[in-house]
Structure formats: C-alpha cells, structure tokens
Amino acid sequence: MLLTSCPQTENIAITIKNNSNEDIVWMLCLERLGDWNETNNINSWLENDMYIIKRGKTYIEFRFSSDALKTNLEMGWIKYCLFNYDSLKTIPWERICAERIIQKEVTFYTLEDFERCNFEITYP
C-alpha cells in the first residue's frame, strides 16, 4: 500500500512596524479587488483595532499561506498602504482619495519582492 500526503503550505507572516510617533492605519489591496482609493469609505478599517498600529508598535498579519501568496501575485500586485490615523478621522475619505493623502505605499509584484524586505514593512 502506498501512502501519499499533500505537502503542507506554510503560513506567511507579514510584519508591519510603526517606528513613528503617530498612529497609523494599514490597508491591504489586491490588484484583482482594486486599489485603496476604490474603497467606498474607511470606516470599517477605523472600527477594527486590527488595522490600527499604535505608535512604536508592531503588527504581524498572518494573511497568506505560501500558496495563496503566490496565487495572488500571479494575478497582479499586492499592495500595503499606510495612512495617518488622525488624518483619516478628520479628513473626508473622498479628499484623501482625490489628493492621495497617504503616508506610505509598498507594492509587491513577486515573491522575491517580499523576500527582499524579509516580509516586513517599516514606517516611516
């Protein structure tokens, strides 16, 4: 009798470090779902502590299995966008989109792009 098993896919942790003295909000964009400025509003991100990284803190996101990461990259880019929390609370989302009021945008096109930065995004 021959037993075979499927190779296990590993979970990939994406680390976002906030080395600034301000709170930031992160947003993940996939090319197939559209860019950050195509989002109708930011309220769901502001209401979820998972998306807010306090000053001097680090967030680790276990979003992708290695297979899912490769599949998403084959469909286009994966982008992480970082916004100033206070700006999102005070400036209308339409203005943020129109004027591209964004702190940092990091786009990954290949798995090697992720590997080059050691699966880590640092702000600033």
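Readers should treat all values here as calculations from the given coordinates under stated rules, not as data from a laboratory. For clarity, every value in this text was computed on a predicted model and none was experimentally measured.
Just a few scattered comments:
- Overall form of the range 11-123 per C-alpha gyration tensor (a/c, 1.5; a/b vs b/c): oblate
- Extension gain, Ile60 to Leu111: 0.36 nm times the residue separation minus the Cα-Cα distance gives 16.6 nm.
- Extension gain from Glu31 to Ala98, taking 0.36 nm per residue of separation minus the Cα-Cα distance: 22.2 nm
- For the range 85-124 versus the range 10-29, the gap between their alpha-carbon centres in whole angstrom: 9 Å
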